[in-house]
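Read-outs throughout are calculated quantities, based only on the coordinates presented, and are distinct from any laboratory measurement. Fair warning: this is a prediction, and the values are worked out from it, not measured in the lab.
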Amino acid sequence: MAADDDDYVYDEVTGEWRPASEMAAAANAKPVAKDSAGNVLADGDSVTLIKDLKVKGTNTTLKQGTVIKSIRLTEDPEEIDCRNDTIKGLVLRTEFVRKR
C-alpha cells in the first residue's frame, strides 16, 4: 500500500488513480523484444526465419528456416539488427523470426 502522503495520478488507460511513483516506474519500463511465438529475445540470441523474405535493395531472398546468429536488439522492440553470410547490416522484423 502506498504512503498517505504519496501523490496520485489519474491513469487514462485503466481509469484509476494510481500512485505517482508507480506511474513513473511504468513509464520508464523498456519495451521487450519478442519473437513471433512470444519468446523474449536478447542480444546474442540465434533466430530462425519463419517465412521467405525478399531483401530490399538486393536480388537476394532469405529462405524459411535460415538461421541468423548473434542478433542485436535495437531501440525499436519490433526490429532486430543482424548479419547473414550474404548480407551485412540486415534489420529484420521480430514477427518473422523464432528464437532457437
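Annotations
- Estimated at 0.36 nm per residue, the fully extended path between Val67 and Glu12 surpasses their Cα-Cα distance by 15.6 nm.
- Put simply, the amide H of Glu79, placed in the peptide plane, has neighbours under 5 Å in Thr74, Thr94, leaving out anything fewer than 5 places away on its chain.
- Spatially near lysine pairs across the chain, Cα under 17 Å, sequence gap of 8 or more or different chains: 13
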